[in-house]
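Colleague: Sharing a structure with you now.
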Protein chains: 2
Amino acid sequence: MNFELAIERLKSEGFKRTPSREAILRLLELEDRYLSAGDVKKALAADHPTMSQDTVYRNLTSFSELKILEETELGGERKFRMHCDRHGHHHHFICMDCGRTEELDVCPMEQVSRALPAFVIDDHKFEVYGQCPDCRSAS
Amino acid sequence: MNFELAIERLKSEGFKRTPSREAILRLLELEDRYLSAGDVKKALAADHPTMSQDTVYRNLTSFSELKILEETELGGERKFRMHCDRHGHHHHFICMDCGRTEELDVCPMEQVSRALPAFVIDDHKFEVYGQCPDCRSAS
DNA sequence: TTTCCAATTCGGAATGACTACGATTTACTT
DNA sequence: AAGTAAATCGTAGTCATTCCGAATTGGAAA
């Protein structure tokens, strides 16, 4: 997912193109890692000093619902990143130093489904946390 | 893990045996599922009306650090349950209706380690969410 | 048993992420 | 160019969690 595609999806879903939304999406495209609402607000403070918290949270939530963004919860905070382009299901390694991610192919859900035939499975979360090669060599 | 074992571990680590700690541990032993700090406080309100939030949170955190409890974050809340007795590493299915859990054997971390040799892996989270057989037939 | 002190608890206030809301502004249609 | 629903602003509210000083207490030592 990138800025242009995101704007297209917003339009096709009946959302308006506003300066706030453009700024938030441009930032997330540029950063390419998980950011909190606070991170977004701070990063945009210089160019958009009057953008309210409400606007940041409301748009991040909308973007997540539209699958423009991926969302996770980390350290008691909601975090958002541009939705990956890869086809189909995937999980992430997340660097706890810089927030950057690495996509993971493995997912054990087929085994789990087989092991729990009487259970209704609605969702799952698989995330790996650590230090990426860049941050490793920098520390 | 059960009440007696938990009390032993507290003693061996130099923690005092207090009515608050006994009540919290007895509740968690009885419930055998993930509870939030608020759940614990509410459940103990009848017998321990003066137990403060601070006491609940501080003890839950201590118990978690001592591996008396297992902890996860769900819906923006920290949740705690008695630590499972099983040997070694495991994950959980969590019923979103009643909070009860089912232990899972599968864990894909070996594959992940092999796939990311240049990354430092510190931690990971794998949880499956849905409805347990009891809640399924009740709904 | 009594004394004593560090650990624990209490009660309430502070923090921080997130949400709600009325008033105002704006993107987009006609 | 006008009208309208959507979006934003600014602020206040909520909720989980943490902090803090004062009071209490468990358990070791005398």
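Colleague: Report yes if some residue within region B:50-60 is more than 9 Å from DNA strand D (Cβ to nearest atom) and more than 30 Å from A:S36 (Cα to Cα); otherwise report no.
Modeller: yes
Colleague: Looking at (1) without any contact (Cβ under 8 Å) to a residue 24 or more places away in the chain; (2) buried (at least 18 other Cβ atoms within 10 Å of the Cβ), can you tell me which one A:H92 breaks?
Modeller: (1)
Colleague: In region B:22-38, how many are within 9 Å of DNA strand D (Cβ to nearest atom) and either in a helix (DSSP H, G or I) or farther than 19 Å from B:E71 by Cα (or both)?
Modeller: Selection size over region B:22-38: 2.
Colleague: In region B:112-124, how many are more than 7 Å from chain A (Cβ to nearest Cβ) and either among the hydroxyl-bearing types (S, T, Y) or in a loop (DSSP other than H, G, I, E, B) (or both)?
Modeller: Qualifying residue count, region B:112-124: 2.
Colleague: Search region A:1-23 for residues that are away from every other protein chain (no Cβ under 14 Å) and pair each with any residue that is among the aromatic types (F, W, Y) and within 9 Å of DNA strand C (Cβ to nearest atom) when their beta-carbon atoms are under 9 Å apart and the residues are at least 6 apart or on different chains.
Modeller: From residues that are away from every other protein chain (no Cβ under 14 Å), the pairs are A:R9/A:F15; A:R21/A:F15.
A quick yes/no check of all residues on (1) assigned to a strand (DSSP E or B); (2) at the interface with chain A (Cβ under 9 Å from one of its Cβ atoms); (3) touching a Pro at 6+ places or on another chain (Cβ under 8 Å):
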site	(1), (2), (3)
B:V56	no, no, no
B:T72	yes, no, no
B:C84	no, no, no
B:C98	no, no, no
B:E103	yes, no, no
B:E110	no, no, no
B:F126	yes, yes, yes
B:D134	no, no, no
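Colleague: If you don't mind, another one. Need the failing condition index for B:S36 against (1) more than 14 Å from chain A (Cβ to nearest Cβ); (2) more than 10 Å from DNA strand C (Cβ to nearest atom); (3) surrounded by 16 or more Cβ atoms within 10 Å (Cβ to Cβ), just the number.
Modeller: Going through the list (1) more than 14 Å from chain A (Cβ to nearest Cβ); (2) more than 10 Å from DNA strand C (Cβ to nearest atom); (3) surrounded by 16 or more Cβ atoms within 10 Å (Cβ to Cβ), B:S36 breaks only (1).
Each reported figure results from applying straightforward, stated rules to the coordinates on display, with no laboratory input. Please read all numbers here as calculations on a predicted model, not as lab measurements. Cβ coordinates were reconstructed from backbone atoms using ideal geometry, including for glycine residues, and neighbour counts include every protein chain displayed.
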